[in-house]
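What follows is a short report on a single structure.
The values are calculated or read from the model by the stated rules, or taken from the named source; none is laboratory data. All of these numbers come straight from a predicted model, not from anything done at the bench. Here Cβ is always computed from backbone atoms with ideal geometry, including for glycine, and neighbour counts include all displayed protein chains. For the accessible areas, the whole protein counts, side chains as well, though only heavy atoms, and no ligand, DNA or RNA atoms are used. Shrake-Rupley method; radii C 1.70, N 1.55, O 1.52, S 1.80 Å.
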Amino acid sequence: MLLADYSSDYHCFEFDPNTGVYSRIRRSAPRTGLAGYSGMAQLLRSPGEGWVLVTQYLSSGDAWLSIGAEKWKRFDESISVRHRETWGVFLCELSIHRDGKCVRMLRYWRRDWFAAIIDPAYDQLDFALANLPVDFEPHGLSSLQKQREDFIKLWSAGERSPNDASEQAREG
């Protein structure tokens, strides 16, 4: 499956959801939308694990997230996802919990630490735009089921983002 690179419009990932094996591919032109992709991925540098691919994607009609070769249903009620900043603005922690027990934790160096220090207007949106796992933790604005439905709609084959529609209109 093809996953968009969260950090670069000039790259994407060929990803095998069964094994977690991936290759990073340089695109000939920058990505302009989400059509043709099954989700997003980002390579994160972990002080304990080296470079780790973190993904969220649609496969077999369901939403998934993965850390390396391990994967979980993205909006499963038996799974809780927590994301927090640790060690000031430098290190983040993504943890997956099942029935109250941590089953996977990834500590990674946040990609935007410098901006967090020097930008006086830096906020949660900036944090989420630089680090894919920030939004893995479900929000309380809508039900888990609604978040799942929205995710599936976004990544379903043939769906286009609003930007794609406006770009097509300009080109057509």
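Some observations on this one:
- Residue check for residue 107: in a strand (DSSP E or B) and either touching a residue at least 12 places away in the same chain (Cβ under 8 Å) or out of contact with any Leu (no Cβ under 6 Å at 6 or more places or on another chain) (or both): yes
- Search result, residues across the range 70-92 that are small (Gly, Ala, Ser) and either out of contact with any strand residue (DSSP E or B) (no Cβ under 9 Å at 6 or more places or on another chain) or modelled with pLDDT of 95 or more (or both): 88
- Close pairs (6 angstrom Cβ cut-off, 6 or more residues apart or separate chains): in contact (Cβ under 8 Å) with a residue 12 or more places away in the chain in the range 58-69, polar (S, T, N, Q) anywhere: 58/38; 65/56; 66/55
- Whichever residue in the range 93-121 is open to solvent by 60 Å² or more (accessible area, probe 1.4 Å) and under 15 Å from residue 51 (Cα atoms) and, among such residues, is modelled with the lowest pLDDT: 111
- Residue match in the range 16-38 (condition: under 25 Å from residue 139 (Cα atoms), in a strand (DSSP E or B) and open to solvent by less than 40 Å² (accessible area, probe 1.4 Å)): no
- Residue satisfying condition, being touching a Gly at 6+ places or on another chain (Cβ under 8 Å) and assigned to a helix (DSSP H, G or I), within set 152, 117: 152
- For the range 136-145, a tally of residues being open to solvent by 90 Å² or more (accessible area, probe 1.4 Å) and in a helix (DSSP H, G or I) returns 1.
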